[in-house]
1. Does Ile199 satisfy the condition of being among the β-branched types (Val, Ile, Thr), in a helix (DSSP H, G or I) and either touching a residue at least 24 places away in the same chain (Cβ under 8 Å) or surrounded by fewer than 19 Cβ atoms within 10 Å (Cβ to Cβ) (or both)?
2. Considering only residues that are within 21 Å of Leu146 (Cβ to Cβ) and of a type in the set (S, T, N, Q), look in region 171-200 and name the one that is modelled with the lowest pLDDT.
3. Is it true that some residue in region 72-83 is assigned to a loop (DSSP other than H, G, I, E, B), at pLDDT 90 or above and within 18 Å of the chain's Cα centre (by Cα)?
4. Identify, from the list Leu247, Leu283, the residue that is touching a residue at least 60 places away in the same chain (Cβ under 8 Å) and not hydroxyl-bearing (Ser, Thr, Tyr).
5. Looking for whichever is without any contact (Cβ under 8 Å) to a residue 40 or more places away in the chain, under 22 Å from Phe84 (Cβ atoms) and not aliphatic (A, V, I, L, M) here; the options are Glu252, Glu242. Which one fits?
6. Whether any residue in region 217-227 is part of a helix (DSSP H, G or I), outside the structural domain of Arg159 (by TED's automatic domain parsing) and touching a strand residue (DSSP E or B) at 6+ places or on another chain (Cβ under 7 Å) is what I want to check.
7. For region 233-259, which positions are closer than 15 Å to Ala151 by Cα and in a loop (DSSP other than H, G, I, E, B)?
8. Being in the same structural domain as Thr182 (by TED's automatic domain parsing), modelled with pLDDT of 85 or more and not in a helix (DSSP H, G or I) narrows it down to one residue among Val102, Val95, Val69; which is it?
Amino acid sequence: MNVGCGVAVSGELLGYKLVGLRMAIDSLELEFAQTAAEFARTNEYDEQGSTSPIDWIRHTCHMTSVTAVACLDAYEATADLSYFNFARRIADTMVDRFFDPVSGGFFDTEKPAGGEHKALGVLGTRRKPFQDSPTPAGNPVAAIALLRLFAYTNDRGDRDKAEQTIEVLAGLAGQYGIFAATYGIAAVHLSQPHTQVVIVGDGEPSNRLYTTAVAQFTLGKAVLKLEPNKAVPRNLPPALAETIPHLPAVKEGKTAAVVCSGFTCQPPIFDPEELARSLRQALEKSVLKP
């Protein structure tokens, strides 16, 4: 094909360029998630009052929910439980400041101090944004954060709040088209069980299992890679802490992959090809599920 001033560029070259750009985007997204999560662990995040240059992050549902998701992304990329703990803390703040316990959903701004509402016309109206414009809307991102937390904690309150949030726009979502894309992703998270693939081990065998686990992208699938000495209850979120450390293969120090879905874990898998088959079967079941 010709690009620009009649210069011929092969499809193969463009393909390599696309792959390179995609890898660069993935790298930037990971860097963003880690930076946001690190920021949440600083003293500056806890500063109060309008003099704090980042106070607006905690005062809008969108930024609070995005930071919670970023912390979960960083946890899944590093298996550092401190990121998960901060995601939990930020999500609790998000619920306390923005969630509507009566009608469901999240307001875009926090509730007024003392329950008083100062009238500022349209600008003073608290909304529940569901429409991407074009950045992901606060409500579906908040629902995604809560559903991902639920998968690690089995705290029913997280799932119930997320379901209430998604139900608010259930009857109108189809009218928004592509501007309800994040809402659609949240609905997938709600309708399908979250799957965790936990790789325990080190060296080349664990690398091969990890490469197999991340090869196919699936919404709701997370891959964690733990060193053998890190697969203990204090280094895992509640739902995984009840299972992973107590498996005989893990206790014996074997390199293995454990696939957990819907709070049920399959027997450890040691072969990458067997892991690939197991993940394909799990995907087929979720797609065919009525």
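1. Working: among the β-branched types (Val, Ile, Thr): yes; in a helix (DSSP H, G or I): no; either touching a residue at least 24 places away in the same chain (Cβ under 8 Å) or surrounded by fewer than 19 Cβ atoms within 10 Å (Cβ to Cβ) (or both): yes.
So Ile199 fails the test.
2. In this case the residue turns out to be Gln192.
3. Taking region 72-83 and keeping what is assigned to a loop (DSSP other than H, G, I, E, B), we get 79-80.
Cutting the leftovers down to at pLDDT 90 or above gives us 79-80.
This time we only want the ones that are within 18 Å of the chain's Cα centre (by Cα), so: 79-80.
Yes, the conditions are met somewhere in region 72-83.
4. On the way: Leu247 fails: touching a residue at least 60 places away in the same chain (Cβ under 8 Å).
Just one listed residue meets the conditions, Leu283.
5. Details: Glu252 fails: under 22 Å from Phe84 (Cβ atoms).
Unique residue meeting the criteria: Glu242.
6. Filtering region 217-227 down to residues part of a helix (DSSP H, G or I) leaves none.
Looking for residues that are part of a helix (DSSP H, G or I), outside the structural domain of Arg159 (by TED's automatic domain parsing) and touching a strand residue (DSSP E or B) at 6+ places or on another chain (Cβ under 7 Å), one finds none in region 217-227, hence no.
7. Within region 233-259, Leu236, Pro237, Glu242, Thr243 qualify.
8. On the way: Val95 fails: not in a helix (DSSP H, G or I); Val69 fails: not in a helix (DSSP H, G or I).
Exactly one residue qualifies, and that residue is Val102.
The values are calculated or read from the model by the stated rules, or taken from the named source; none is laboratory data. Not measured: the values here are computed from a predicted model. Virtual Cβ from ideal backbone geometry, glycine too; neighbours counted across all protein chains shown.
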